[in-house]
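We did not get these values from a lab; they are worked out from the coordinates using the rules stated. For clarity, every value in this text was computed on a predicted model and none was experimentally measured.
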Amino acid sequence: MYFIANWKMFGSLNSLNSLNKVIKFFKIFKKNKFLKIVYCPPTTLLGPMAEIFKKTKIDIGAQNCHEQDSYGAFTGSVNSKMLKNIGAKYVIIGHSENRQRGENDKLINQKIKSASRSGLKVIFCIGETLNEKRKKITKKVLNRQLRLGLSKIKSKNKIIIAYEPVWSIGTGLIPNASDLYETINFIKKKIRKIKVLYGGSVNPKNIDYLKTINNLDGYLIGSASQNSKKFIDIIKKRYS
Ligand code: 13P
């Protein structure tokens, strides 16, 4: 079961102080063998976080990467090789916040390939907008995102899908259990043996509800993950 923290464009060196709580919690948590914690901070904090988690079983990941894995004159960009070099094991690709800023399926596909070549595990985000949900074309949208995003990628064993309905991100809204179960099942039928996470407003209050959806392999957590206590609460409650 994955618990992946996506800090988005939040966090400073001071924010790292509370991670000790998470390290301590993980060490003594009885079910720790069954879970994988991954922190995806902004690029600026990858190095310091790698240091903090060095002697722990907690992994770090980046939130995006350039589509080219070789070096080049791309001002402001970071490639998957550089991320791997600083200690990242994962990278989030295809997040709706980046799709909304112009990343299309083709670019996302190139990024996934680049990350895979560098040996990073990819957290591949897909999800429908509110408008698409209203039009009842969720499956069509997910199908397209999966088909184009994973085009010509043979081995998918280093890819994890994060289903994040755009309308649930940062809104406090979550899908109802039967819709979510069905969507996760749909994704798992399309891509055999793939792990599928849910993301969108996961918090210590709604985890009791979300844990009833038993085909999920974990959660991609945004704002609640910036607060160590909330993040720990989510994990504890998931297993209570
Ligand atoms: P929130 O948990 O803040 O809704 O964000 C979800 C998300 O986008 C994680 O990638």
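Key figures for this structure:
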{"item": "Pairs from Lys121/Lys188; Lys158/Lys236; Lys55/Lys205; Lys89/Lys152; Lys36/Lys111 whose Cα-Cα separation, in the structure shown, is over 20 Å", "result": "Lys158/Lys236; Lys55/Lys205; Lys89/Lys152; Lys36/Lys111"}
{"item": "Under-5 Å amide H pairs with Glu128, H placed in peptide plane, nonlocal only", "result": "Val166"}
{"item": "Long-range tail of P(r) for the chain (Cα pairs > 31 Å, %)", "result": "18 percent"}
{"item": "Nonlocal amide H pairs with Asn64, under 5 Å, H built at 1.01 Å", "result": "Ile92"}
